[in-house]
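Peer 1: Structure incoming, see below.
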Amino acid sequence: MSLGINIEATTTKVFQWIYDLITNSPKKVIINRGGTSSSKTVSALQVLVIMSFQEKNKRYLITTDTLPNLKSGALVDLKNILGYDEETKFGWNIEQFFKWHQSDKYFENTITKTRIYYRGIIDEKDAKGPRYHTIYMNEADRQPYSVFRQLIMRCQGKMLIDFNPSDENVWINERLEKSDRKDVAVFKTSYLDNKFLPKHIVQEIELLKATDPIFWKIYGLGEYGNLSGKIYENIQVVDYFPSKDYCIGIDYGASTTAVVKCHVDYEEKKIYLQQLYYGNLYNSDNIVQVLMQNNVQRHTYIYTDHNETQINEDLLSRRYNIHLAEKDVYNGIMFCKGFTICIVEGSKDLLKQYRSYHWKQDRYGNSLNAPVKHNDHFPDAGRYAAYTDRKPVNQILVRPTINKRQLR
């Protein structure tokens, strides 16, 4: 699709569905009930960007429950689309047409003067304020119905809602989908609608068919299901990493590696985590590059899983302080559950994985003492760092000492 300014836009079919519904449908409220990796967030943001070139002097709003959550999610994607951050397959590099007013929290299209605002809105009081032409409620199940009720009265055009259907009793279903409202359009998306999704992600999602039918129903098919047994309930998004005293956790996945920065505050009972990298790291050279880019010193304790012996030995030979992580999954999880998990804003993949991390269940719905093995790279990496680097009850710092022989 061309923007009319000689820039080619890469999109999925989800983009076209949203664009058609917003521009052509008589329905005011548009609901995208979607599974994981369907491109629903990126596609919605792309539509707003396209529309900002087509409409003059309009005000759009992107919202979720809190500003830190917005900064860790949709705002990351929006900046990637515009070209403010590193290029992605959805990046159009059109930042020259936008001015970012950070203090006032909006992007302005300098050609049309249309503004894209972003706000965290947690309750009805926060929702009161100016009117907008188009409103996008991202992961709207995090916000109460009272927020929707206030925003719809301030919406002069269309209201777009998206979410993962992990609770069939959510207000979106009870108050909108099942209601007698005639102005609601609902469509369902899944990973199959995202043609850019790597094969290894597709395979990981499809493994859920056998390992977790409820998770598959919600995140694979985009259908309603009641997800129970979340492992980490006490999660906060914070705007900074608090300490120079930290360790690193690395989880080597079959095709994806997660690198996390970790600090455990025993007085405040908080574990601080920050995403340093998530993607393909094929060898020790790639790992070293990530560590250097994030100013990780060679004396910093780095806890890794046991799957890549050669990479670990290579890192040791380069004088990095590599240690094998303790692999006691259950006790490691129970240790971490004794703390508030504080995730630094911008850690999009880390936050998403911690929020969806949950226990396996038997056929009767009873939780088992093992987590579902899906989208768990960061929960593993975070546990490696926090649990292996832990203090015992007497508060004496214990760090494991291993040598090159132990890595074999």
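Peer 1: Starting from the Cα gyration tensor of region 39-110, take the square roots of the eigenvalues, sort them a ≥ b ≥ c, and report rounded, prolate or oblate (rounded when a/c is under 1.5, otherwise prolate if a/b is larger than b/c, else oblate).
Peer 2: Cα axes put region 39-110 in the rounded bin.
Peer 1: Still on this structure: Could you pull out the chymotrypsin sites (Phe, Trp or Tyr not before Pro) across region 148-246 that fall in loop regions by DSSP (anything but H, G, I, E, B) with no more than 14 other Cβ atoms inside 10 Å?
Peer 2: Those satisfying the criteria are Phe196, Tyr240.
Peer 1: By DSSP, what percent of the beta bridges with both residues in the chain are antiparallel, rounded to the nearest 5?
Peer 2: 40
Peer 1: A further question follows. Once you sort the root eigenvalues of the Cα gyration tensor of region 310-393 as a ≥ b ≥ c, which label holds: rounded (a/c under 1.5), prolate (a/b larger than b/c) or oblate (the other case)?
Peer 2: prolate
Peer 1: Also: Taking the chain as a Gaussian network, where each spring joins two C-alpha atoms under 10 Å apart, which residue of Gly120, Gly129, Gly34 fluctuates the most?
Peer 2: Gly129
Peer 1: For region 144-200, how big is Rg over Rh, using alpha carbon atoms and the Kirkwood form of Rh?
Peer 2: My calculation puts Rg/Rh at 1.05.
Peer 1: So for region 1-159, considering every pair of alpha-carbon atoms, how many percent are separated by more than 18 Å?
Peer 2: Above the 18 Å cut-off, region 1-159 has 57 percent of its Cα pairs.
Peer 1: In units of 2.2 N^0.38 Å, what is the alpha-carbon radius of gyration of region 187-295?
Peer 2: 1.35
Peer 1: Still on this model: Separation of region 343-374 and region 20-34 by C-alpha centroid, Å?
Peer 2: 31
Peer 1: To continue, here is another question. Each residue of region 155-168 in turn: what ³J(HN,Hα) in whole Hz from Karplus with 6.51, -1.76, 1.60 and θ = phi - 60°, glycine and Pro shown as x?
Peer 2: Using θ = phi - 60°, the values come out as 9, 8, x, 10, 10, 10, 10, 9, 5, 8, x, 7, 8, 5 Hz.
Peer 1: Kindly put Arg383, Arg142, Arg131 in sequence by how many other C-beta atoms sit within 10 Å of each C-beta, fewest to most.
Peer 2: Arg131, Arg142, Arg383
Peer 1: Binning at 5 angstrom from zero up to the longest distance, how are the C-alpha pair distances of region 267-308 distributed in percent?
Peer 2: Once binned at 5 Å, the Cα pair distances of region 267-308 give 5, 15, 25, 28, 14, 7, 4, 2.
Peer 1: Tell me, what ³J(HN,Hα) does each residue in region 186-198 have, in order and in whole Hz, if you take phi through Karplus 6.51 cos²θ - 1.76 cosθ + 1.60 with θ = phi - 60° and put x for Gly and Pro?
Peer 2: Result, ordered by residue: 10, 9, 10, 10, 8, 4, 5, 8, 10, 6, 8, 5, x Hz.
Peer 1: Considering the chain as a Gaussian network with a 10 Å cut-off on Cα pairs, which listed residue, Gly229, Gly35, Gly249, attains the greatest mean-square fluctuation?
Peer 2: Ranking Gly229, Gly35, Gly249 by mean-square fluctuation puts Gly229 first.
Peer 1: Next question, about the same structure. Restricting attention to the alpha-carbon atoms of the chain, what are Rg (one decimal) and Dmax (integer), both in Å?
Peer 2: My reading of the Cα-based Rg and Dmax gives 22.3, 69 Å.
Peer 1: Hey, got a sec? Which GluC sites (Glu not before Pro) in region 234-343 land in a DSSP loop and have at most 15 other Cβ atoms within 10 Å?
Peer 2: Glu267, Glu268
Peer 1: Considering only C-alpha atoms, what is the centroid distance from region 121-162 to region 221-276, in Å?
Peer 2: 29
Peer 1: Please state, rounded to one decimal and in Å, the Kirkwood hydrodynamic radius that region 126-264 gives when every pair of distinct Cα atoms enters the mean of 1/r.
Peer 2: Hydrodynamic radius (Kirkwood, Cα pairs) of region 126-264 is 18.5 Å.
Peer 1: Hey, another quick one. Rule-of-thumb check for region 285-335: C-alpha Rg over 2.2 N^0.38 Å?
Peer 2: The reported ratio for this selection is 1.25.
Peer 1: A further question on this structure: May I ask for the angle, rounded to the nearest 10°, between helix 40-54 and the longest principal axis of the chain, with both axes built from Cα atoms and the value confined to 0 to 90°?
Peer 2: The angle comes out at about 40 degrees.
Peer 1: Rank the residues Val47, Val329, Val260, Val184 as a footprinting-exposure proxy: fewest other Cβ atoms within 10 Å of their Cβ go first.
Peer 2: Listed from fewest to most nearby Cβ atoms, that is Val329, Val184, Val47, Val260.
Peer 1: Within region 296-372, list the chymotrypsin sites (Phe, Trp or Tyr not before Pro) lying in a DSSP loop whose Cβ has at most 16 other Cβ atoms in a 10 Å radius.
Peer 2: For chymotrypsin sites (Phe, Trp or Tyr not before Pro) across region 296-372 that sit outside H, G, I, E and B with at most 16 neighbouring Cβ atoms in 10 Å, the list reads Tyr364.
Peer 1: To the nearest 20 Debye, how big is the dipole of the chain about its Cα centre, given +1 on the beta carbon of each Lys and Arg and -1 on that of each Asp and Glu?
Peer 2: For the chain, the charge dipole is close to 620 debye.
Peer 1: If you place +1 on the Cβ of every Lys and Arg and -1 on the Cβ of every Asp and Glu, how big does the dipole about the Cα centre of region 154-229 come out, in debye to the nearest 20?
Peer 2: Charge dipole of region 154-229: 300 debye, to the nearest 20.
Just so you know, all these numbers are worked out from the coordinates, no wet-lab data involved. On a predicted model such as this, the values are computed, not experimentally measured, just so you know. Here Cβ is always computed from backbone atoms with ideal geometry, including for glycine, and neighbour counts include all displayed protein chains.
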